[in-house]
Amino acid sequence: MNTTATDLRTHLYTWLDRIAETGEVLEVRRKGVLLRISREPSVSRLERIPKRPTMLVGPDEIVEQGWADAWKGEL
């Protein structure tokens, strides 16, 4: 869809609602520059959490730790 800056100003919320509902891209030319207004895909809060490593050492280092010799069976 294409429109002018004047039309966008006049019907701003109508255009925004239409873009939000349909996902169409609106192109506006202003002072010779093409601007695009589009909908971004929704991202859940869980997906925004940065991924962190679950193990800070390799599994082989845990197995070869040698704690069994030092353990006396007491808690």
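Summary of values
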{"item": "Cβ-Cβ under 9 Å pairs, at least 6 apart or on other chains, the range 21-32 side within 11 Å of residue 2 (Cα to Cα), far side of a type in the set (Gly, Ala, Ser) and exposed (fewer than 12 other Cβ atoms within 10 Å of the Cβ)", "result": "24/38; 25/38; 26/38"}
{"item": "Residue match in the range 37-60 (condition: in contact with a strand residue (DSSP E or B) (Cβ under 6 Å, 6 or more places away or on another chain) and either without any contact (Cβ under 8 Å) to a residue 12 or more places away in the chain or not acidic (Asp, Glu) (or both))", "result": "yes"}
{"item": "Some residue of the range 40-60 being surrounded by 10 or more Cβ atoms within 10 Å (Cβ to Cβ), modelled with pLDDT under 90 and part of a helix (DSSP H, G or I)", "result": "no"}
{"item": "In the range 16-36, the residues that are among the hydrophobic types (A, V, I, L, M, F, W, C) and out of contact with any Asp or Glu (no Cβ under 8 Å at 6 or more places or on another chain)", "result": "16, 19, 20, 25, 26, 28, 33"}
{"item": "Scope the range 61-75; condition modelled with pLDDT of 75 or more and at positive phi; matching residues", "result": "73"}
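The values are calculated or read from the model by the stated rules, or taken from the named source; none is laboratory data. Keep in mind it's a predicted model, so treat the numbers as computed, not measured. Neighbour counts are summed over all protein chains in view; Cβ atoms, including those assigned to glycine, are modelled from backbone coordinates with ideal geometry.
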